[in-house]
Amino acid sequence: MSSINSVGGNSPVQKITTNPIKKEISTQAPQSSNTTDKVELSGMSHLLKALKTNDVRTDKVADIRAQIEAGTYETDDKLDAAADKLLDDLMK
């Protein structure tokens, strides 16, 4: 059977479904009596630290909040720019 537009027996999806990855996971609890739970936010700790140390520009927040309440924040130019950025991200 021939392949049309990468649809056929050699596709990556076909390889995974015919030969799935198998991983064994132990279901036994650790034997130590001093076990404790631990959570690490790898990759997020620097973001949380930056949020805690960043100064909030209250003047900018107040200005945008006032524009939203007045109904003048969402303009056609801003919506067009947001749509263009979204399409650019989707096309990558």
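For the stretch 47-76, the tally of residues that are in a helix (DSSP H, G or I) and either exposed (fewer than 10 other Cβ atoms within 10 Å of the Cβ) or modelled with pLDDT under 90 (or both) stands at 14. Going through (1) among the small types (Gly, Ala, Ser); (2) surrounded by 10 or more Cβ atoms within 10 Å (Cβ to Cβ); (3) at pLDDT below 90 one by one, residue 29 falls short only on (2). For the residues 79, 86, the requirement of being within 22 Å of the chain's Cα centre (by Cα) and either modelled with pLDDT of 90 or more or part of a helix (DSSP H, G or I) (or both) singles out 86.
The values are calculated or read from the model by the stated rules, or taken from the named source; none is laboratory data. Keep in mind the model is a prediction, meaning the values are calculated, not measured. Heads up, the Cβs are rebuilt from the backbone with ideal geometry, glycines too, and the neighbour counts pull from every protein chain shown.
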